[in-house]
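Step one of this worksheet: look at the structure below.
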Amino acid sequence: MRSWLIDTGPLVALLVADDLRHDWAVEQSKHAPSTVFTCEAVISEALFLLKRGRFDGDDVFALIESSFLSIDFDFRSEYAHVRELIHRCQDRPMSFADACLVRMAELRPEACIWTLDRDFEFYRKNRRQSLSLVKP
């Protein structure tokens, strides 16, 4: 079974009913595995965006508690790879969260990234391989 790596956009869209992509995110969640994976950087971005929009970030923690959302990235052991990805993408600057997700995709070759971010169409894992994406 293919694992899914969730980016900030779909995570926020799932939790905010009036988000433009909410219906799409909910529909995709029906096709997602019972657990989707992410990293602390995505959680941080999502909590920031929810707070800025005056939404309750506690829903993110509820998704973790329900085991729908699982943190599966050890930055301490992967920082050199993340750093290299960020440096390699000078033409299209890569955020820290995006670099962590690309590295997660390298570590899980069967994984797809659930995203709203078009930059993932240009990013490459293992230098040359396109990423498998779940996107609108």
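A short reminder: the numbers here are calculations on the coordinates, not readings from a lab. This one's a predicted model, so the numbers in the text were calculated from it and none came from an experiment. Here the Cβ is made from the backbone with ideal geometry for all residues, glycine too, and neighbour counts use every protein chain on show.
Near D119, once Lys and Arg are set to +1 and Asp and Glu to -1 for all other residues with Cβ below 9 Å from its Cβ, the sum equals -1.
Computed over the chain, the per-residue total of -39500 (n - 2.57) for DSSP H runs of n ≥ 4 gives a 222 nm mean residue ellipticity of -14500 deg cm²/dmol, rounded to 500. Residue exposure proxy: I113, I64, I43, I6, ordered by other Cβ atoms within 10 angstrom of their Cβ from fewest to most, comes out as I64, I43, I113, I6. Taking other Cβ atoms within 10 Å as a rough exposure proxy, E84, E110 sort from fewest to most as E110, E84.
By the compact-protein rule of thumb, 2.2 N^0.38 Å, the alpha-carbon radius of gyration of the chain corresponds to a ratio of 1.00. Alpha carbon centre of the stretch 4-49 versus the stretch 67-94: separation in Å? Between the Cα centre of the stretch 4-49 and that of the stretch 67-94, the gap is 18 Å. Computed from Cα atoms, the angle from the helix 40-52 axis to the main principal axis of the chain rounds to 40 degrees. Here, the stretch 1-71 is characterised by an Rg to Rh ratio of 0.93, where Rg is the alpha-carbon radius of gyration and Rh the Kirkwood radius.
One decimal place: the segment A17-D59 gains 13.9 nm when fully extended, by the rule 0.36 nm per residue minus the C-alpha distance. Relative contact order (percent) for the stretch 4-134, with alpha-carbon contacts under 8 angstrom and 6 or more residues of separation? Relative contact order, the stretch 4-134: 29 percent. If the segment from R124 to R88 were pulled out straight at 0.36 nm per residue, it would be longer than the present Cα-Cα gap by 12.0 nm.
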